Amino acid sequence: MTVSTTVTVRVPAKVNLQLAVGPRREDGFHALVNVFHAVSLFDEVTVKEAPPRQEPGFVTLSASGGTRVDLDGVPLDATNLAARAAVLLAEETGKGSPVEIHLDKRIPVAGGMAGGSADAAATLVACDRLWGCGLPETDLADLAARLGSDVPFPLLGRTAVGTGRGEILEPLAAPGRYRWVFALSSRGLSTARVFAEYDRLRPDAPAPLPSPAMREALAAGGAAALGAVLTNDLERAALSLRPDVAGVLAAGREAGAIGALVSGSGPTCAFLVGDEDDAATPGVEAAVVRAVEAAGVDSCVSAGSGDVPGATVV
Ligand code: C5P
């Protein structure tokens, strides 16, 4: 058997179709009902055995990125979630050896699309392969959950509902194929800060509930039905910290978006522009891009969704 010394894993971004947020728990996290949906915007994570003479730390990190990705926001030290993923897998399996991790980023940084979590999930899959650990998917998911609430989903991809603090996943049937426009901001928002603002605005938040209407809309497929049930409880908190984002949402809606919401903890805005196979969708997509760019966003990126797999070795 050939042992590979380099493994590359492709991993998708996500948008939250429903993000229901309850009160802060005793451990500091919030109870969530979080419908994750993978979109065709990918990071590629490459792990490589570190050359023997180089004597690096256990992990060395480098990053490159698309023109719209702000690499200044990506820490290249042991605090990066991808580095922590490699260290955790090595500790748990006793099989690790020093690696170089390269992050080739297309997912916006600190944009509410779980790019850092996606990179950590991809690193788990890549190191598991490189080191020949062969962990079952459930063990990888457990390690992912220890790294962060959003890390298990990019292992699965497609569509899933997360409960607990978002890490307990159940795949959802979702046969629709959609198109999205994402409006990016050059300044990110800290997830922890947005949750703290949520607590300030909603000190009496009720327990989060799953939405039967969301489940039905996803099962039926069709952008019109889905657009009507998109919700994000963190949106008010994100807009309170970044009031400029409200104008972006309004511009996209006026230009014909079927649904518009802040993605996760923001500040990225997600616009559902139609069904992939609808002849009208490209026109709506172009109009939404024009309108949000005129509203002052730094850049836009379009993506498809509906059948986007999770972290995959390429
Ligand atoms: O789990 P993760 O490390 O991604 O969370 C980042 C921050 O977001 C946490 O430190 C916490 O402030 C907040 N958070 C939360 N409730 C969740 C998930 C995240 O309060 N369910």
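The values are calculated or read from the model by the stated rules, or taken from the named source; none is laboratory data. The shown structure was predicted, so the numbers you read here are calculated from the model rather than taken from an experiment. No Cβ is skipped: glycine too gets one built from the backbone with ideal geometry, and neighbour counts run over all protein chains shown.
Side notes on the structure shown:
- Candidates Ala78, Ala90, Ala83, Ala38: the one that is modelled with pLDDT of 95 or more, within 16 Å of the ligand (Cβ to nearest atom), small (Gly, Ala, Ser) and outside the structural domain of Tyr198 (by TED's automatic domain parsing) is Ala83.
- Residue check for Val288: surrounded by 15 or more Cβ atoms within 10 Å (Cβ to Cβ), in contact (Cβ under 8 Å) with a residue 12 or more places away in the chain and in contact with a Leu (Cβ under 8 Å, 6 or more places away or on another chain): no
- Filtered residues of segment 2-19 (kept if surrounded by 24 or more Cβ atoms within 10 Å (Cβ to Cβ) and not charged (D, E, K, R)): Val9, Val11, Pro12, Ala13, Val15, Asn16, Leu17, Gln18, Leu19
- Check on Val33, away from the ligand (no atom under 16 Å from the Cβ), over 19 Å from Gly188 (Cα atoms) and outside any loop (DSSP other than H, G, I, E, B): no
- Filter result (away from the ligand (no atom under 16 Å from the Cβ) and farther than 28 Å from Val301 by Cβ) within segment 171-204: Asp204
- Where helices (runs of 4 or more DSSP H) fall wholly inside segment 114-207, the ranges with 2 or more residues that are in contact with an Asp or Glu (Cβ under 9 Å, 6 or more places away or on another chain) and either buried (at least 24 other Cβ atoms within 10 Å of the Cβ) or not β-branched (Val, Ile, Thr) (or both) are 115-130, 137-147, 153-156.
- Residue match in segment 222-235 (condition: part of a loop (DSSP other than H, G, I, E, B) and touching an Asp or Glu at 6+ places or on another chain (Cβ under 8 Å)): yes
- Scanning segment 259-273 for residues that are assigned to a strand (DSSP E or B) and either assigned by TED's automatic domain parsing to the domain that holds His37 or buried (at least 24 other Cβ atoms within 10 Å of the Cβ) (or both) yields Ala260, Leu261, Val262, Cys269, Ala270, Phe271, Leu272, Val273.
- Subset of segment 150-170 [small (Gly, Ala, Ser) and away from the ligand (no atom under 13 Å from the Cβ)]: Gly157, Ala160
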